[in-house]
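What follows is a set of notes on a single structure, which appears directly below.
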Amino acid sequence: MNSQDSSFRIVVDSLSKIPKRFEELPLITSSEYLSSEYADKKRIKVINLCSHKKSLSTSYYVSLLADARSHRCLPEAKTLHQIESKVLIRDAIREHDELIQSSFKRLATHEFTLSVYFGKNLAKSYDKLAKRLYSIFPCPLARYEFHKREGKWKLHEITQLGLHQVPDEHHEFIETELNNLFHKRWRRDQSNKTYRYEIAILANEQEANAPSDKGALEAFCKAANQLDMRAEIITPRDLPRLMEFDALFIRETTRLDNHTMRFALKADRSGMVVIDDPESIRRCCNKVFLAELLRTHNIPTPNSTLVTRRNVGELAEQFHYPIVVKIPDGSFSIGVHKVRSDVEFHTLCKKLLQTSSILIAQEFVPTEFDWRIGIIDGTPLYACRYYMSKGHWQIYNHAVKGDDWCGDSNGVPIANVPACVLDTALKAAALIGNGFYGVDLKQHGDTALVIEVNDNPSIDAGVEDELIGEELYLAVMNTFLKRLESKHAR
């Protein structure tokens with residue numbers, strides 16, 4: 001073995017399992033690398049030859065901490081995450097189907113395992129495919145399992161092998177490739193541009209009423225690219241990967257008791273830029289808090305009363321019906337009920353108070369439409385009128401299916417929004433913070449009544465962006481950029 005660059009460290013699962021021919025390598029164990037000993041070392045190049053078969057493996061954390069420590073690492077944490085998911089593998093490999101089929105066309109078997117070591121295979125006939133796979137999934141020691149089904153070869157699984165798992169007859173080949181690697185100048189994958197910042201956009205494709213549709217999510221990613229940032233759509237299962245990013249943008253309906261709050265808390269505690277932050281979520285997700293906050297600061301709202309088990313009887317006789325009764329944590333008009341009599345009020349409250357100790361009874365203010373003012377960083381971004389769904393008193397009618405479940409909408413230039421609506425919206429949003437909010441209001445003559453302030457407001461392609469198009473997405477991403485630049489300038 002030739003002399004190596006002293007900046008290299010080859011991380012393995014256990015030194016006791018490594019063949020003797022590799023003993024002269026700059027080997028360390030994963031436990032050593034994960035310890036504080038390497039936390040402050042500079043300009044380290046890490047070759048991660050630990051095995052990786054399942055998520056959150058030791059191998060994954062080696063690559064993840066290497067990224068956090070600014071150590072160059074092969075493979076990167078994002079690569080290990082990618083090979084865990086059949087969906088991500090399928091999407092990445094889709095355009096390379098022709099090469100896969102041609103590479104295996106002479107095989108009589110229906111299953112085949114291809115070993116790819118540093119982008120090469122021992123058999124020259126598979127060199128082109130091995131090189132292509134390595135460019136997509138740059139894992140140093142990888143095993144690719146292909147299955148032939150209905151006449152077509154499909155990539156079934158990828159495994160990152162530990163150095164101790166490689167067959168003895170392949171050791172000489174790997175020794176040569178490692179020696180070559182020590183004398184090469186390391187470059188990042190040229191297909192992956194290095195951006196100023198990386199933004200995670202949390203979305204959930206299983207959510208029925210998501211805050212943003214596919215078109216809007218794609219537009220956010222495009223806007224980030226235009227500002228020399230990279231945005232990646234992540235899912236609820238990606239919480240362990242959150243530290244790979246510089247910022248978090250939540251595009252899933254937030255709740256205090258689910259993973260959206262855990263994402264926000266983790267990002268906030270780690271010093272990441274996060275929209276919306278945990279405090280905004282806490283304040284917006286509970287209508288009881290909002291009602292009291294707005295009342296305390298003299299922000300006009302429909303007349304509201306807190307309902308408990310103790311006062312439900314006496315209140316029933318005081319109301320002028322119809323009224324609206326709300327649970328504290330509903331969204332998209334879920335948990336909002338219109339009652340027309342004290343009998344209906346008693347019946348409904350008896351049911352709702354079994355799961356919530358407090359309800360809100362609110363004056364019913366009929367209007368043709370509700371205003372939504374989108375505000376980010378204390379600045380109005382867009383304005384929309386949301387009309388009531390056909391034959392219903394709310395924007396959303398969850399009792400019907402088809403197009404009539406949701407009312408129409410139209411965008412309004414900020415300059416054309418009545419002053420009472422815009423001023424009241426800005427005052428209400430300022431009570432929550434400086435995040436991204438949607439303030440819902442009803443206009444009653446020269447007065448605007450705040451219905452609620454939403455963190456994580458809806459942004460759907462063709463709706464909220466109707467008038468300003470990509471400017472909306474650029475404005476949101478530019479807010480992230482300004483906050484990230486300010487954070488790094490301190």
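The values are calculated or read from the model by the stated rules, or taken from the named source; none is laboratory data. Predicted model, so just to flag it, every value in this text is computed and none were measured. As a convention, Cβ positions derive from the backbone with ideal geometry for all residues, glycine included, and neighbour counts pool all protein chains shown.
What to note about this one:
- Test: residue in the range 359-374 that is outside any strand (DSSP E or B) and within 30 Å of A475 (Cβ to Cβ): yes
- Test: residue in the range 387-401 that is at pLDDT 85 or above and among the basic types (K, R): no
- Scan of the range 416-426 for residues that are buried (at least 17 other Cβ atoms within 10 Å of the Cβ) and in a helix (DSSP H, G or I), ordered by number: C420, V421, L422, T424, A425
- Evaluating V343 against the criteria (1) crowded, with 21+ Cβ neighbours inside 10 Å; (2) part of a helix (DSSP H, G or I) leaves one unmet condition, (1).
- Contact map, the range 293-305: residues that are closer than 13 Å to F364 by Cβ paired with residues that are in a loop (DSSP other than H, G, I, E, B), Cβ distance under 6 Å, separation 6+ or inter-chain. Pairs shown: P302/V365.
- Neighbours by Cβ (under 6 Å, 6+ apart or cross-chain): first from the range 83-109, under 21 Å from L141 (Cβ atoms); second modelled with pLDDT under 85 and of a type outside the set (D, E): E84/S55; L88/Q82
- Applying a threshold of 7 Å to beta carbon distances and a minimum spacing of six or more residues, or different chains, the list of pairs starting in the range 156-172 at a residue that is crowded, with 17+ Cβ neighbours inside 10 Å and ending at one that is modelled with pLDDT under 95 and assigned to a helix (DSSP H, G or I) reads I158/I83; I158/I89; Q160/S59; Q160/L80; Q160/I83; L163/F22; H164/K17; V166/I174.
- Cross-chain or 6+ apart pairs with Cβ under 8 Å, the range 314-329 first and aromatic (F, W, Y) and assigned to a loop (DSSP other than H, G, I, E, B), then modelled with pLDDT of 80 or more and surrounded by fewer than 15 Cβ atoms within 10 Å (Cβ to Cβ): Y321/R340; Y321/S341
- Residues that are assigned to a strand (DSSP E or B) and either in contact with a helix residue (DSSP H, G or I) (Cβ under 7 Å, 6 or more places away or on another chain) or in the same structural domain as R255 (by TED's automatic domain parsing) (or both), drawn from the range 437-465: Y437, V439, L441, Q443, T447, A448, V450, E452, V453, N454, D455, I459
- Pairs where the first residue, in the range 406-434, is within 14 Å of H297 (Cα to Cα) and the second is buried (at least 17 other Cβ atoms within 10 Å of the Cβ) and among the small types (G, A, S), C-beta under 6 Å, 6+ apart: T424/A448; I432/S280
- Unmet criterion (only one of (1) closer than 27 Å to D168 by Cα; (2) modelled with pLDDT of 85 or more; (3) of a type outside the set (S, T, N, Q)) for Y38: (1)
- Scanning the range 79-89 for residues that are within 13 Å of N48 (Cβ to Cβ) and among the basic types (K, R) yields nothing.
- One residue stands out among those in the range 205-214 that are loosely packed, with under 14 Cβ neighbours inside 10 Å and of a type outside the set (A, V, I, L, M, F, W, C): the one that is nearest to the chain's Cα centre (by Cα), which is E205.
- Residue within the range 347-362 that is buried (at least 17 other Cβ atoms within 10 Å of the Cβ), farther than 30 Å from I414 by Cα and among the charged types (D, E, K, R) present: no
- Residue match in the range 298-321 (condition: surrounded by fewer than 17 Cβ atoms within 10 Å (Cβ to Cβ), among the charged types (D, E, K, R) and touching a strand residue (DSSP E or B) at 6+ places or on another chain (Cβ under 9 Å)): no
- Residue satisfying condition, being surrounded by 18 or more Cβ atoms within 10 Å (Cβ to Cβ), acidic (D, E) and within 25 Å of I174 (Cα to Cα), within set E111, E76, E32: E76
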